[in-house]
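Down below is the structure, laid out as structure tokens.
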Amino acid sequence: MTTVLSWATLCVCLTLTAIRIPSAVRGENRLMFVLFALISADILLSIEGPYLFLDQLLGGFNLCNLLLRLMLYGTFLLMGFKVAKAFGSPGGERAIWGPLGFAVLGTTAVLTACFFFSMDTAGSTVGLNDLDPGVPLAFYAALGRFYPGYVAACLVPGIWRSVRLPGPAVLRAASATLLLSLVLLLVSQLFPLVPESNTWLRPLINYSAALASAFGLAGIWLSKTIARRTSRAVTSTKH
């Protein structure tokens, strides 16, 4: 099930990235294209085949996992900035894109790299599942969940307001989908409490969050497109 879900998520994200290419070429909202491309790359590196292939090229000591974590931090930084701005959340925008946000990001990235290089990571393994468990690995995994969770916590209030208030149906649906993805990211902070017999829940939650984020971002873009075309139609009618 995990394999099917991961490849299905990748296909959806690649499709959304491809749809954004014409607009990006025209110079329209290129950040959205970059976001979809980054999410696609993140998903690709989380799948066993591509991960093992790239990690062997990098030396076979799971450097690919560190690269994936840093890419995820960058993805959530840009997504947090984009979403906070789109939903008119200056507090969320400052918490992510301001001095505090960059301090949290920088500290998380440095600590992530320190814990990675403090471990014996020889032998490529997706998700570092075959490495010996220990305190450094536990902290490394916790840091990987922390920054996405931080961004999610910063965005929830602004998106919740959009879900509650009246507005265009497409925008409210996109808001609800994004809110779902953020809630799943917050739930992922509890992964250490998941029993070994239910570890399948972890990839299910992660890929579901990725899908919800992609569909939510696509919904925001669609809502803005509809609003722009409606505005043009009204303007042309007046003239």
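Odds and ends about this structure:
- More than 23 Å apart - percent of Cα-Cα pairs taken over the stretch 1-139: 46 percent
- Seen against the Cα atoms of the chain and their longest principal axis, helix 201-238 is set at about 20 degrees.
- Normalised by the number of residues in the chain, the mean separation of alpha-carbon contacts (under 8 Å, six or more apart) gives a relative contact order of 20 percent.
- Mean sequence separation of contacting Cα pairs (under 8 Å, at least six apart), scaled by the length of the stretch 69-180, corresponds to a relative contact order of 32 percent.
- Computed on the chain, the Cα convex hull volume stands at 141 Å³ per residue.
- Residue-normalised accessible area of the chain, expressed per residue, 1.4 Å probe, Å²: 51 Å²
- Candidates A210, T199, P157 compared by Cα position along the dipole of the stretch 84-239: farthest toward the positive end lies P157, with charges placed on Cβ.
- Among 91-97, 18-24, 77-83, the peptide with the highest mean count of other Cβ atoms within 10 Å heads the list, and the full ranking is 77-83, 91-97, 18-24.
- Angle between the chain longest axis and helix 48-57 axis [Cα atoms, degrees, rounded to 10]: 70 degrees
- Fully extending the segment from A173 to C114 would add 17.2 nm, taking 0.36 nm per residue of separation and subtracting the current Cα-Cα distance.
- Measuring nothing but how far apart in sequence close Cα pairs (under 8 Å, 6+ apart) lie, relative to its length, the stretch 34-92 scores a relative contact order of 34 percent.
- C-alpha long axis of helix 2-25 to longest principal axis of the chain, angle in °: 40 degrees
- Dipole magnitude of the chain about its Cα centre (Cβ charges: Lys, Arg +1; Asp, Glu -1), debye to nearest 20: 1680 debye
- Other residues with beta-carbon under 12 Å from the beta-carbon of R69 carry, at +1 per Lys or Arg and -1 per Asp or Glu, a net charge of 0.
- Residues in the stretch 21-61 reached by a label modelled at T225 [backbone nitrogen below 19 Å; 7 Å Cα→Cβ]: 21-40
- For the stretch 78-171, carbon and sulfur atoms together expose 71% of the accessible surface, with a 1.4 angstrom probe and every protein chain in place.
- Label separation (N198 vs R30): 4.6 nm, computed from points 7 Å beyond Cα along the C-beta direction.
- Between S223, A174, L190, the Cα set farthest toward the positive side of the dipole of the chain (charges on each charged residue's Cβ, about the Cα centre) is that of S223.
The values are calculated or read from the model by the stated rules, or taken from the named source; none is laboratory data. Computed from a predicted structure; not experimentally measured. Positions of Cβ are generated from backbone atoms using ideal geometry, with glycine treated the same way; all protein chains shown enter the neighbour counts. Just the protein is used for accessible areas: all its heavy atoms, side chains included, with ligands, DNA and RNA removed. Shrake-Rupley method; radii C 1.70, N 1.55, O 1.52, S 1.80 Å.
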